[in-house]
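The values are calculated or read from the model by the stated rules, or taken from the named source; none is laboratory data. Owing to the predicted nature of the structure, the values given are computational and were not obtained by experimental measurement. Cβ placement follows ideal geometry from the backbone for every residue including glycine, while neighbour counts extend to all protein chains displayed. All accessible areas refer to the heavy atoms of the entire protein, side chains included, with ligands and DNA or RNA removed. Shrake-Rupley method; radii C 1.70, N 1.55, O 1.52, S 1.80 Å.
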Amino acid sequence: MSINFKPLGDSAIFITFGDEISEEIHLSIKKFMKILEDHPFNGFIEMVPSYTNICIYYDVYQVNQWKFEGSSPYEKVVNYVKTLLQKEEIEFNETSRVIEIPVCYGDIYGPDLTEVATYNQLSEQEVIQIHTKNECLIYMLGFAPGFAFMGGMDEKIATPRKATPRLKIHAGSVGIAGKQTGIYPFETPGGWQIIGRTPLKLFLPDQNPPTLFRAGDRIRFVAISEQEFKNLAGEIK
């Protein structure tokens, strides 16, 4: 695995672990995050993971005062990160939570289900069966608070984003964009193909953490009827 570094402004470093979405790269990122959490450097602020990289933010003044090899804060952080990457002896057991997400597919809840089925030359029921078949891995949260980007969806139902995004997507809407699937945590514009909706609340601003999901969780979609959706929505209110 080739790991590359580059500065992001004057107070962050961008570390790339690969160039494709894969569980192997995801695990490498999770392992490194665990090492950095256990061995933070002087001036470390936070790290933000994505599919193939991590962005590390740091306090320039504190790093500059830090007695570590390097002629600049960026070089100090790069050199320190390289020492962490050599810590192969760390024990890291990825324990994923499996979360079941009830979804009412089609009709007003999934207005693009027909389009996804037509694009892939499938019936709507086949799309639902395929979408609920595999567990999907959450690689990262982004775009909006609590929005989970997932991999592992069967490519048989992969569908491009809409050419013209909608101005309003309902909270809980389950969408497809290319080979990815995801859930809109609250009402927002969006261009994903909407195939269903969950009554669950994903963004919980009054709780800590404020989102239902975290990177590394596995999601299992479960098809429910419209009446079941209404019943669950009523219980959650």
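Annotation: per residue accessible area for region 133-237 equals 48 Å², rounded to a whole number [probe 1.4 Å, protein chains only]. Relative to the longest principal Cα axis of the chain, at what angle does helix 23-38 sit, 0 to 90 degrees, rounded to 10? Taking Cα atoms only, the helix is inclined about 50 degrees. Shown is the FRET efficiency for Phe14 and Leu122, computed with R0 = 45 Å from the Cβ-Cβ distance and rounded to the nearest 0.05: 0.70. Most fluctuating residue of Gly152, Gly70, Gly142 in a GNM of the chain with Cα springs under 10 Å: which is it? Comparing Gly152, Gly70, Gly142 in a Gaussian network model of the chain, the most mobile one is Gly70. Checking the cross-link pairs Lys6/Lys87; Lys168/Lys201; Lys30/Lys168; Lys162/Lys201 against a 29 Å limit on the alpha carbon distance flags Lys30/Lys168 as lying beyond it.
For labels at Ile3 and Leu167 in the simple 7 Å Cα→Cβ model, what's the distance in nm? Label-label distance for Ile3 and Leu167, simple model: 4.7 nm.
A convex hull fitted to the Cα coordinates of region 163-237 yields 113 cubic angstrom per residue. Volume per residue for region 102-146 equals 119 cubic angstrom (convex hull of Cα atoms).
Return the percentage of antiparallel bridges among DSSP beta bridges fully within the chain, rounded to the nearest 5 %.
Counting DSSP beta bridges with both partners in the chain, the antiparallel share is about 85 percent.
Accessible surface for region 16-121, divided over its residues, is 56 Å² per residue with a 1.4 Å probe.
Here the spin labels are modelled as points 7 Å beyond Cα on the Cα-Cβ line, and at Gln129 and Lys179 they lie 2.4 nm apart. Note that region 1-138 shows a convex hull volume over its alpha carbon atoms of 162 Å³ per residue. Length gained on full extension, Ile236 to Leu27, computed as 0.36 nm times the residue gap minus the Cα-Cα distance: 71.8 nm.
Label-to-label distance, Glu75 versus Lys34, with points set 7 angstrom from Cα along the beta-carbon direction: 3.4 nm. Helix 226-236 and the longest principal axis of the C-alpha atoms of the chain enclose an angle of approximately 50°. For the pair Gln65 and Arg214, a Förster radius of 41 Å applied to the C-beta separation gives a FRET efficiency near 0.80, rounded to the nearest 0.05.
Surface composition of region 57-186: carbon and sulfur atoms hold 49% of the protein heavy-atom accessible area at a 1.4 Å probe. The long axis of helix 73-85 is offset from the longest Cα principal axis of the chain by roughly 70 degrees.
Placing a label point 7 Å from the Cα of Ile108 along the Cα-to-Cβ direction, the residues of region 173-207 with a backbone N closer than 18 Å are 173-174, 187-188, 194-200.
Around the Cα centre of the chain, unit charges on the Cβ atoms of Lys, Arg, Asp and Glu (plus for the first two, minus for the last two) sum to a dipole of about 360 debye. Can you tell me how region 1-54 classifies by the Cα gyration tensor, rounded, prolate or oblate, using a/c under 1.5 as the rounded cut? Verdict is oblate for region 1-54.
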